[in-house]
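Asker: There's a structure below that I have some questions on.
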Amino acid sequence: MYNGIGLTSARGTGTSGHVVKNASTLRPGQQDGTNRHYDRDRAPKSKPLDKGILDHERKRQVEVKCLELQDKLEDQGLDESEIETRVDELRTRLLQDLEHMSGGRIRPYETQRVAEAKSRENSRMAQALRVDEDYAEGAAFDRELQELKREKRMLERERDREIEDERREERERERG
């Protein structure tokens, strides 16, 4: 027993008698175990994709390839005008294919490329699952919204049937 805490004797308790701190108790000022910085109702933060940064990186890759060609041609001993024309040809060809340049594997520090790849992956997944672009989380539980969507679908079907009937009648007139 220590300061009046614990057992006077460990005999018959099935324990060693060692006093252990109760880590599950809440001290004053603590919350009930929830993390106050986490809000499950809030959508995850993601930075918007900056196309300017991606374009700059692609153009930088083009210039790196042009400089590599220039160094290679200078080592071969070609004159300045020939080097410039070949480098300009390479630069124009690469700039035409700028959108298709991927640069290979995405490295973790290339945050804009990671965000672009994730955006493409999310759009493919949404397309595969047939998720509408105007989808809002929790909208399925809004009865008024669901009723409006149902009425809209019924009107579209009715309009499509009328158009199909008109086409069918027009085809029959052409035949007969």
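The values are calculated or read from the model by the stated rules, or taken from the named source; none is laboratory data. The structure presented is a predicted model; accordingly, all values stated were derived computationally and were not measured. For neighbour counting, all protein chains shown are included, and Cβ atoms are generated from backbone atoms with ideal geometry for every residue, glycine included. SASA here: full protein model, heavy atoms, side chains in, ligands and nucleic acids out. Shrake-Rupley method; radii C 1.70, N 1.55, O 1.52, S 1.80 Å.
Asker: Exactly one condition in (1) assigned to a loop (DSSP other than H, G, I, E, B); (2) hydroxyl-bearing (Ser, Thr, Tyr); (3) over 18 Å from Arg60 (Cα atoms) is false for Tyr109; which is it?
Answerer: For Tyr109, the failing item is (3).
Asker: Given the conditions (1) of a type in the set (D, E, K, R); (2) modelled with pLDDT under 75; (3) outside any loop (DSSP other than H, G, I, E, B), and given that Asp55 satisfies all but one, which numbered condition is not satisfied?
Answerer: (2)
Asker: Could I ask something else about it? If we keep just the residues of the range 127-140 that are modelled with pLDDT under 90 and among the hydrophobic types (A, V, I, L, M, F, W, C), which is least open to solvent (accessible area, probe 1.4 Å)? Walk me through how you get there before you give the answer.
Answerer: Filtering the range 127-140 for residues modelled with pLDDT under 90 gives 130-140.
If we keep only those that are among the hydrophobic types (A, V, I, L, M, F, W, C) too, we end up with 131, 136, 139-140.
Values: Val131: 62, Ala136: 52, Ala139: 17, Ala140: 79 Å².
That would be Ala139.
Residue-by-condition table, conditions (1) charged (D, E, K, R); (2) at pLDDT 85 or above:
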site	(1), (2)
Gly6	no, no
Gly14	no, no
Lys21	yes, no
Gly29	no, no
Ser46	no, no
Leu69	no, yes
Gly77	no, yes
Arg86	yes, yes
Thr92	no, yes
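Asker: Check off (1) surrounded by 10 or more Cβ atoms within 10 Å (Cβ to Cβ); (2) of a type outside the set (Phe, Trp, Tyr); (3) assigned to a helix (DSSP H, G or I) for Leu78 and give me the number that stays unchecked.
Answerer: Condition not satisfied by Leu78: (3).
Asker: If I filter the range 94-113 down to residues being open to solvent by 70 Å² or more (accessible area, probe 1.4 Å) and among the acidic types (Asp, Glu), which single residue comes out as modelled with the highest pLDDT? Break it down into steps so the answer makes sense when it comes.
Answerer: Our first condition is that a residue be open to solvent by 70 Å² or more (accessible area, probe 1.4 Å); within the range 94-113, this holds for 95-97, 99-100, 102, 105, 107-109, 111.
This time we only want the ones that are among the acidic types (Asp, Glu), so: 97, 99.
Values: Asp97: 82, Glu99: 66.
If we take residues in the range 94-113 being open to solvent by 70 Å² or more (accessible area, probe 1.4 Å) and among the acidic types (Asp, Glu), then Asp97 is modelled with the highest pLDDT.
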